[in-house]
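Participant: Take a look at the following structure, please.
The values are calculated or read from the model by the stated rules, or taken from the named source; none is laboratory data. No experiment lies behind these values; they were computed from the predicted model shown. A quick note on method: Cβ atoms are made from the backbone with ideal geometry, for glycine too, and the neighbour counts reach across all protein chains shown.
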Amino acid sequence: MSLCLKNLTVSKCDGTMLFDELNIAIHPGEVVSLMGPSGCGKSTLLDVIAGHLSAEFTYQGQVELNERALHTIPAHERRVGILFQDDLLFPHLCVWQNLAFALPNTIKGKHRKAQAIQALQEISLSQLAQAYPEQLSGGQRARISLTRMLLAQPEVALLDEPFSKLDRQLRSQFRDWVFEQLQVANIPALMVTHDEQDIPNNSRVLNWPWERGDA
């Protein structure tokens with residue numbers, strides 16, 4: 001399973017180009033990090049992959065996931081998982097319900113709760129099954145957010161500054177745990193970050209301008 005970007009260019013509708021001719025293949029279990037100044041198009045690139053590109057932008061080129069051209073597939077069917085700065089847990093649902101929400105529709109009835117509880121056991125947070133997001137610490141929310149993303153069985157993970165709102169000690173612990181979980185899931189991952197300390201050891205980095213970093 002690989003994510004491939006081929007001759008990808010993104011422009012504003014007024015013709016202003018954000019970046020051009022980006023070519024990269026990200027392989028299963030690999031995390032590639034994007035670094036660049038604000039406004040260079042990092043988060044916009046993630047939007048292209050996920051299918052959430054704003055109407056003020058347009059792109060050309062190919063985005064392929066496991067040899068499928070994503071432009072032909074609606075966003076909700078692309079199997080793209082996203083981890084943001086904010087955890088985006090549903091405040092009106094308890095923890096196990098938040099996790100169950102992400103499960104594929106093929107899992108029915110009581111099996112949804114059972115799998116959500118099992119996932120909480122695997123991350124040593126089963127005691128929080130009935131708690132609501134407002135009752136959780138920042139670290140707990142972050143771990144549940146990633147677990148929810150992985151329960152949806154994505155084929156690629158997009159990480160948009162996922163560690164930036166955590167304090168430094170918690171950030172280091174959570175960062176290592178995230179990369180371990182992505183390794184276990186064995187899916188390609190593309191991460192946007194401003195902090196070089198967020199980059200996994202011995203991983204590829206695309207520094208702005210990206211077309212010179214990894215063609």
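Participant: Taking the condition of being farther than 21 Å from Arg79 by Cα, outside any helix (DSSP H, G or I) and at pLDDT below 95, how many residues in the stretch 94-123 meet it?
Facilitator: Residues meeting the conditions: 2.
Participant: Sort out which residues of the stretch 77-93 are over 27 Å from Lys165 (Cα atoms) and not in a loop (DSSP other than H, G, I, E, B), and write them in order of number.
Facilitator: Across the stretch 77-93, the qualifying residue is only Glu77.
Participant: Sticking with this structure for a sec: Given the options Arg168, Arg112, name the one that is in contact with a Phe, Trp or Tyr (Cβ under 9 Å, 6 or more places away or on another chain) and farther than 30 Å from Thr9 by Cα.
Facilitator: It is Arg112.
Participant: In the stretch 157-177, is there at least one residue being under 30 Å from Leu18 (Cα atoms), surrounded by fewer than 19 Cβ atoms within 10 Å (Cβ to Cβ) and either of a type in the set (A, V, I, L, M) or in contact with a strand residue (DSSP E or B) (Cβ under 8 Å, 6 or more places away or on another chain) (or both)?
Facilitator: Yes: the stretch 157-177 contains one or more residues that are under 30 Å from Leu18 (Cα atoms), surrounded by fewer than 19 Cβ atoms within 10 Å (Cβ to Cβ) and either of a type in the set (A, V, I, L, M) or in contact with a strand residue (DSSP E or B) (Cβ under 8 Å, 6 or more places away or on another chain) (or both).
Results for (1) outside the structural domain of Pro200 (by TED's automatic domain parsing); (2) in contact with a Pro (Cβ under 7 Å, 6 or more places away or on another chain); (3) under 24 Å from Glu196 (Cβ atoms); (4) not in a helix (DSSP H, G or I), shown as yes or no for each residue.
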site	(1), (2), (3), (4)
Glu21	no, no, no, yes
Leu34	no, no, yes, yes
Gly39	no, no, yes, yes
Leu45	no, no, yes, no
Ser54	no, no, no, yes
Gln60	no, no, no, yes
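Participant: Quick test for you: out of Gln183, Gln130, Gln115, pick the one residue that is in contact (Cβ under 8 Å) with a residue 24 or more places away in the chain and within 26 Å of Val63 (Cα to Cα).
Facilitator: Of Gln183, Gln130, Gln115, the one residue that is in contact (Cβ under 8 Å) with a residue 24 or more places away in the chain and within 26 Å of Val63 (Cα to Cα) is Gln183.
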